Amino acid sequence: MPKLCVLCKEKRAVLKRPKTAQQICRTCFYAVFELEVHITIQDSKLFKAGDKVAIAASGGKDSTVLAHVMTTLNERYNYGLDLCLLSVDEGITGYRDDSLETVKRNEKQYKIPLKIVSYDELYGWSMDAIVKEIGMKNNCTFCGVFRRQALDRGAAMLGVDHIVTGHNADDIAETVLMNILRGDISRLQRCTAIRTSTDETIPRSKPFKHTYEKEIVMYAYFKQLDYFSTECIYSPNAYRGHARALLKDLEQIRPSAIMDIVHSGEAYASRKPTRRLNEVNESAVPTVGLIGNCERCGYMTSQKLCKACVLLEGLNRGLPQIAIGNSSKY
Amino acid sequence: MVLTVKLEFSGGMELLFNNEKKKTVVLPDTFVAGAATLLDLLPWLRDNLLTERAELFMQGDSVRPGILVLVNDADWELEGELEYVIKDQDTFVFISTLHGG
């Protein structure tokens, strides 16, 4: 005997929402899913009409659904946004080159322009070359740092006002767990912010902050949105894997755990605004968390040199371990 | 009565099952219509169709957390999960969420 949707009470329920345990039908699912993202965007006042917004797209499930939902909401609620797709090619053969094909398809499907920036172009090092040099440990550190900058540089080239990424509630909960497990207070305070920006960088936000990964996958499945899905070949030893396993086990027992962890993470967020390095008497105040500019490339950093420059220095000098490990924690 | 089921694998699950995204299988006599459940089917899939890395498919009696299961296009949580009784021509979809987005 099929269960009926608790919202419309007409159609057959096809999904049990992890957030609320409600059993809902396909149509109601699409409606609440899209509406919740819209509310997240409105409540956090993420955009204003006329903004040019780059959707960071990897071809994976989150960014594919993000491209679809942003295009839908932009039209439905007249956000007045000028949307485009921005992809980063880290140079991972067999992984990234395949997923980029998906983004190229998305470009045609949603009719929004695509720009691809590559590590090779920006830094002279592809991930394949980096992994060859340093092996399978700590390579995610390089990739994450480089990718963040690559997105900013790509966005600057496109002249956008805003970047949106597909990070979902599960991702943020994993990050909170990782930061707690590693005792990284400064990151813990920053990681649940829906929007991050300083004076120099293009603001970026996470419209899926309150969206469960399970619902993103189900949305893509029901709507038949095609995406690329393989684990990055260089990631098996990533620390995040442990946090993810823990989170998934917790979700089995109590699905609201994911939202609860994000909420706990928010409670740690500092209420003091970050101040500029040159506004402060350096000898009197600790420099952790104060934002300034890299002496070499001008990118934002809380140190003298930004992390990407330090990592690149290490790679180019044949001493890639320079920036990895306790001495480099910031 | 013979039980025939349709299987679909996506989100990367297909890599564990010989790269086949869709497959129809006729279950052996040990699967009795009206009695056989998903609790019985999962280990059978692991032992007969899985081509590698069983630990990425199952954890204990159930699927590894992070793998979504659909029964005739509906969330298996609505159908009793492992206790769901298999009917002839049922479709089961296994979607992995354990990869980058």
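Read-outs throughout are calculated quantities, based only on the coordinates presented, and are distinct from any laboratory measurement. Please read all numbers here as calculations on a predicted model, not as lab measurements. Here Cβ is always computed from backbone atoms with ideal geometry, including for glycine, and neighbour counts include all displayed protein chains.
Suppose we keep just the alpha-carbon trace of the stretch B:25-100; what are its Rg and Dmax in angstrom?
Both quantities, over Cα of the stretch B:25-100: 12.3, 40 Å.
For every other residue with a beta carbon closer than 13 angstrom to the beta carbon of A:SER126, add +1 if it is Lys or Arg and -1 if Asp or Glu, then tell me the sum. Don't jump to the answer; show the numbers that get you there.
Working: positive: A:ARG96, A:LYS132, A:ARG147; negative: A:ASP89, A:GLU90, A:ASP97, A:ASP120, A:GLU121, A:ASP128, A:GLU133.
So the environment of A:SER126 carries a net charge of -4.
Could you tell me the calculated FRET efficiency between B:TRP44 and A:GLN224, based on Cβ-Cβ distance and R0 = 45 angstrom, to the nearest 0.05? Each step should come with its number before you reach the end.
On the way: r = 29 Å, r/R0 = 0.64.
The formula returns an efficiency of 0.95 here.
Non-local amide H neighbours of B:PHE9 (under 5 Å, H modeled in plane, Pro and chain starts lacking H): which ones?
Amide H to amide H, under 5 Å and 5 or more residues apart or across chains, B:PHE9 pairs with B:LYS22, B:PHE94.
Using a 10 Å cut-off on Cβ atoms, rank the peptides A:161-170, A:237-246 from the highest mean neighbour count down.
A:161-170, A:237-246
Between helix B:38-48 and chain B, what is the angle of the helix's C-alpha long axis to the longest principal axis, kept within 0 to 90° and rounded to the nearest 10?
Around 60 degrees separate the two axes.
Order of B:THR30, A:THR64, A:THR301 from fewest to most other C-beta atoms within 10 Å? Spell out each step's value before the answer.
On the way: B:THR30 8, A:THR64 29, A:THR301 21.
The order, fewest Cβ neighbours first, is B:THR30, A:THR301, A:THR64.
Looking only at other chains, what is the average number of their beta-carbon atoms within 10 angstrom of each beta-carbon in B:65-75? Before the final figure, lay out each step's value.
On the way: counts 10, 11, 1, 6, 0, 5, 1, 3, 5, 10, 11.
That works out to 6 on average.
What number results when the radius of gyration of the stretch A:87-134, computed over Cα atoms, is divided by 2.2 N^0.38 Å? Let's see the in-between values first.
Working: Rg = 12.3 Å, N = 48, 2.2 N^0.38 = 9.6 Å.
Working it through for the stretch A:87-134, the quotient is 1.28.
Give me, ordered by chain and number, the residues 5 or more places off A:ILE291 or on other chains with an amide H under 5 Å from its own placed amide H.
Result for A:ILE291 returns A:ARG275, A:LEU277.
Over all distinct Cα pairs, what is the inverse of the mean 1/r for the stretch A:13-153, reported as the Kirkwood hydrodynamic radius in Å? Present the calculation step by step, with values, prior to reporting the outcome.
On the way: mean 1/r = 0.0584 Å⁻¹.
Averaging 1/r across every pair of different Cα atoms and inverting gives 17.1 Å.
So, counting K/R as plus one and D/E as minus one, what does the shell of residues with Cβ under 13 Å around A:LEU100 add up to?
Details: positive: A:ARG96, A:LYS104, A:ARG105, A:LYS115; negative: A:ASP89, A:GLU90, A:ASP97, A:ASP98, A:GLU101, A:GLU107.
Once positives and negatives cancel, what remains is -2.
Toward the positive end of the charge dipole of chain A, about the Cα centre and with charges on Cβ (Lys, Arg +1; Asp, Glu -1), which of A:SER256, A:ALA57, A:CYS191 goes farthest?
The one lying farthest along the dipole's positive direction is A:SER256.
Report the net charge of residues surrounding A:LEU305, where surrounding means a beta-carbon distance below 13 angstrom and charges are Lys +1, Arg +1, Asp -1, Glu -1.
On the way: positive: A:ARG296, A:LYS304, A:LYS307; negative: A:GLU295, A:GLU313.
Summing Lys/Arg as +1 and Asp/Glu as -1 gives +1.
Which percent, to the nearest 5, of DSSP beta bridges fully inside chain B are antiparallel?
75
How much FRET efficiency would the formula 1/(1 + (r/R0)^6) give for A:THR27 and A:HIS242, where r is the Cβ-Cβ distance and R0 is 41 Å, rounded to 0.05? List each step's numbers first, then the result.
Numbers: r = 38 Å, r/R0 = 0.93.
That pair, A:THR27 with A:HIS242, gives E of 0.60.
Can you give the Kirkwood hydrodynamic radius of the stretch B:1-44 from its Cα pairs, in Å with one decimal?
On the way: mean 1/r = 0.0871 Å⁻¹.
Across the stretch B:1-44, the inverse of the average 1/r is 11.5 Å.
In the protein assembly as shown, if the dipole is taken from +1 on Lys/Arg beta carbons and -1 on Asp/Glu beta carbons about the Cα centre, which of B:THR24, A:ILE172, B:GLY12 is farthest to the positive end?
Comparing the listed Cα positions along the dipole, A:ILE172 ranks first.
Considering only DSSP beta bridges with both partners in the protein assembly as shown, what is the antiparallel share in %, to the nearest 5?
Details: 22 of 43 bridges.
Given both bridge residues lie in the protein assembly as shown, the antiparallel proportion sits at roughly 50 percent.
Report the percentage of all Cα-Cα pairs in chain A whose separation exceeds 36 Å, rounded to a whole percent.
Roughly 20 percent, rounded to a whole number.
Please compute, for peptide A:228-236, the average count of beta-carbon atoms on other protein chains lying within 10 Å of each residue's beta-carbon. Mind showing how you got there, number by number?
On the way: counts 3, 13, 6, 7, 2, 0, 0, 2, 0.
Rounded to a whole number, the mean comes out at 4.
Mind checking the log10 I(q)/I(0) for the stretch A:50-97 at q = 0.30 Å⁻¹? Debye, one equal scatterer per Cα, no solvent, two decimals.
Taken in order of the listed q values, log10 I(q)/I(0) reads -1.11.
How many angstrom separate the Cα center of the stretch A:1-57 from the Cα center of the stretch A:167-240?
19
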